[in-house]
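One structure is given below, encoded as structure tokens.
Derivation of every value follows stated rules applied to the coordinates shown; laboratory data play no part. What you see is a predicted model; the values in this text were computed from it and never measured. In this analysis, Cβ positions are derived from the backbone assuming ideal geometry, glycine residues included, and neighbour counts consider all displayed protein chains.
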Amino acid sequence: MPWYAAVAFVICLIFYWYSMHLRAEDAEKKEEMERLAAERYKEEQYKQYLVAKRLAEEEDDEDEDKE
């Protein structure tokens, strides 16, 4: 095998390794973004629960005041 074919093969291996490295980084970033989105959704759901709870308590207080 001529030396330049071996060099080209090594260069191709380097590019292949680097593309796999970039894919792994992208997958990690995507996973992190999904985790953060899930946390934000959970926080938003909890805030909505607290607001609904507060409104229900206010309605109960108003009903007690009327009686």
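Residue-wise test of (1) surrounded by 10 or more Cβ atoms within 10 Å (Cβ to Cβ); (2) of a type outside the set (Gly, Ala, Ser); (3) assigned to a loop (DSSP other than H, G, I, E, B).
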| position | (1), (2), (3) |
| --- | --- |
| 4 | no, yes, no |
| 18 | yes, yes, no |
| 30 | yes, yes, no |
| 33 | yes, yes, no |
| 43 | yes, yes, no |
| 48 | yes, yes, no |
| 52 | yes, no, no |
Kindly indicate whether residue 56 is out of contact with any Ser or Thr (no Cβ under 7 Å at 6 or more places or on another chain), surrounded by 10 or more Cβ atoms within 10 Å (Cβ to Cβ) and among the small types (Gly, Ala, Ser). yes
